[in-house]
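Chemist: Sharing a structure, written as structure tokens. Questions coming.
Just so it is clear, none of the values below were taken in a lab; they were calculated from the coordinates. Since this is a predicted model, take the numbers as computed values, not measurements. Here the Cβ positions follow ideal geometry from the backbone for every residue, glycine too, while neighbour counts run over all protein chains shown.
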Amino acid sequence: MALLHKIKDIAIIELTEKDNRFNNNTVKILNSILDEIENDKEINALVTYGRGKIFSNGLDLEWLLSKNENVNRVEFIASYQKLMNRFLTFSIPTIAAMNGHAFAGGCMFALCHDFRIMNNKRGYICMPEVDLQMTLTNGMNEILKTKISDKSILRDVIILGKRYTANDALKYKFIDRAVEPHKVLGVSIQIAAQFALKNYDRNTFHGLKKNLYSDASEALIGNNTGYDELKSKL
């Protein structure tokens with residue numbers, strides 16, 4: 001579940017579940033919230049944060065790997081990737097207020113925001129697919145390559161599943177601030193307010209991000225998504 005709050009010209013998405021995992025319902029709700037924000041021309045910045053101890057633990061694998069015949073796994077991965085692309089290229093500045101762990105699909109979700117503010121006392125950012133015996137789609141790989149510039153760190157993130165604290169992630173430049181736990185949301189809103197004052201033209205902002213992240217964007221929404229090995233696990 002996710003809720004939308006508004007403070008003047010700032011939209012705040014509150015992730016309200018214990019683990020904030022992604023399933024069909026999560027994707028549907030977040031798409032609906034983004035639609036509402038897009039239709040409100042008074043909104044000039046977006047903050048996403050998790051209630052409790054976890055920002056997001058990624059995909060809802062218990063649901064995804066169940067024997068439920070109504071679960072179309074490949075279709076879900078495609079819908080998740082399209083949602084990630086919406087955040088990646090969203091038409092206003094976006095900030096992930098990372099209150100705690102951001103694992104796997106939750107890590108990619110955070111990276112799809114323009115800026116990341118992370119709790120410096122609790123939580124790791126991590127891609128643990130090597131331990132889950134799962135590969136990544138082309139789009140998922142491109143998100144990581146787009147947002148993590150140090151190639152040796154990128155190697156450790158993807159193929160070793162290394163966990164990073166906020167201070168380590170700040171050192172390697174894939175988050176922007178590491179702050180005290182009680183300041184995560186407040187600092188994120190303060191930064192969002194500074195961006196909101198700019199009142200960026202939405203078409204321009206979207207176009208700039210779409211071009212800047214073109215490799216990731218095209219891979220996330222394209223037909224050649226690299227499902228083959230992933231499907232063998234799913």
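Chemist: Among 12, 221, 125, which one shows the biggest mean-square fluctuation in a GNM of the chain, springs joining Cα atoms closer than 10 Å?
Modeler: For the chain, modelled as a Gaussian network with Cα springs under 10 Å, the answer is 221.
Chemist: Which angle from 0 to 90°, rounded to the nearest 10, does the C-alpha axis of helix 202-212 make with the longest principal axis of the chain?
Modeler: 40 degrees
Chemist: Quick one: which residues, 5+ away or cross-chain, put their amide H under 5 Å from the amide H of residue 43? H built at 1.01 Å from N.
Modeler: Answer set, sorted by chain and number: none.
Chemist: Give me the percent of DSSP beta bridges within the chain that run antiparallel, rounded to the nearest 5.
Modeler: Of the beta bridges lying entirely in the chain, close to 25 percent run antiparallel.
Chemist: Cα axis of helix 73-88 to longest principal axis of the chain: angle in degrees, 0 to 90, nearest 10?
Modeler: The helix 73-88 is inclined about 30 degrees to the chain.
Chemist: Hey, what do the phi angles of the range 6-17 turn into as Karplus ³J(HN,Hα) couplings, whole Hz, using 6.51/-1.76/1.60 and θ = phi - 60°, x for Gly and Pro?
Modeler: Rounded to whole hertz, the list is 10, 10, 6, 9, 10, 8, 10, 9, 9, 8, 10, 8.
Chemist: Let me ask another. In terms of the Cα gyration tensor, with a ≥ b ≥ c the square roots of its eigenvalues, is the range 83-167 rounded because a/c is under 1.5, prolate because a/b exceeds b/c, or oblate?
Modeler: Verdict is oblate for the range 83-167.
Chemist: Can you give the calculated 222 nm mean residue ellipticity of the chain, where each DSSP H run of n ≥ 4 adds -39,500 (n - 2.57) and the sum is split over every residue, rounded to the nearest 500 deg cm²/dmol?
Modeler: It lands at -13500 deg cm²/dmol.
Chemist: In whole Å, what is the distance between the alpha-carbon centres of the range 51-94 and the range 133-183?
Modeler: Computed from Cα coordinates, the inter-centre distance equals 18 Å.
Chemist: Still on this model: Would you please give the residues with an amide H less than 5 Å from that of residue 12, counting only those at least 5 places away or on a separate chain, with H modeled from the backbone geometry?
Modeler: Distant-sequence amide H within range of residue 12: 5, 6, 7, 47.
Chemist: Taking θ = phi - 60°, what integer Hz values does the Karplus form 6.51 cos²θ - 1.76 cosθ + 1.60 yield along the range 22-38, in sequence order, with x for Gly and Pro?
Modeler: 9, 9, 4, 5, 4, 4, 4, 5, 5, 4, 5, 5, 4, 4, 5, 5, 4
Chemist: Determine the percent antiparallel among the DSSP beta bridges restricted to the range 1-114, to the nearest 5.
Modeler: Here the share of antiparallel DSSP bridges comes out near 30 percent.
Chemist: Same structure, new question: In whole Hz, what ³J(HN,Hα) sequence does the range 123-130 give by Karplus (6.51, -1.76, 1.60; θ = phi - 60°), x for Gly and Pro?
Modeler: Those phi angles translate into x, 10, 10, 7, 10, x, 4, 4 Hz.
Chemist: What is the extension gain from residue 190 to residue 72, computed as 0.36 nm multiplied by their sequence separation minus the C-alpha to C-alpha distance, in nm to one decimal? Could the numbers behind the result be given before it?
Modeler: On the way: separation 118, 0.36 × 118 = 42.48 nm, distance 4.05 nm.
Result: 38.4 nm gained on full extension.
Chemist: Could you list, in their original order, any pairs among 41/209; 173/198; 147/210; 41/147; 53/145 whose Cα atoms are separated by more than 23 Å?
Modeler: Result: 173/198; 41/147; 53/145 exceed 23 Å.
Chemist: Same structure again: I'd like the FRET efficiency for residue 17 and residue 121, computed as 1/(1 + (r/R0)^6) with the beta carbon distance as r and R0 of 35 Å, rounded to 0.05. Walk me through the intermediate numbers first.
Modeler: Values: r = 22 Å, r/R0 = 0.62.
According to the calculation, E is roughly 0.95.
Chemist: Where does helix 184-198 land angle-wise versus the long Cα axis of the chain, in degrees 0 to 90, nearest 10?
Modeler: The helix 184-198 is inclined about 60 degrees to the chain.
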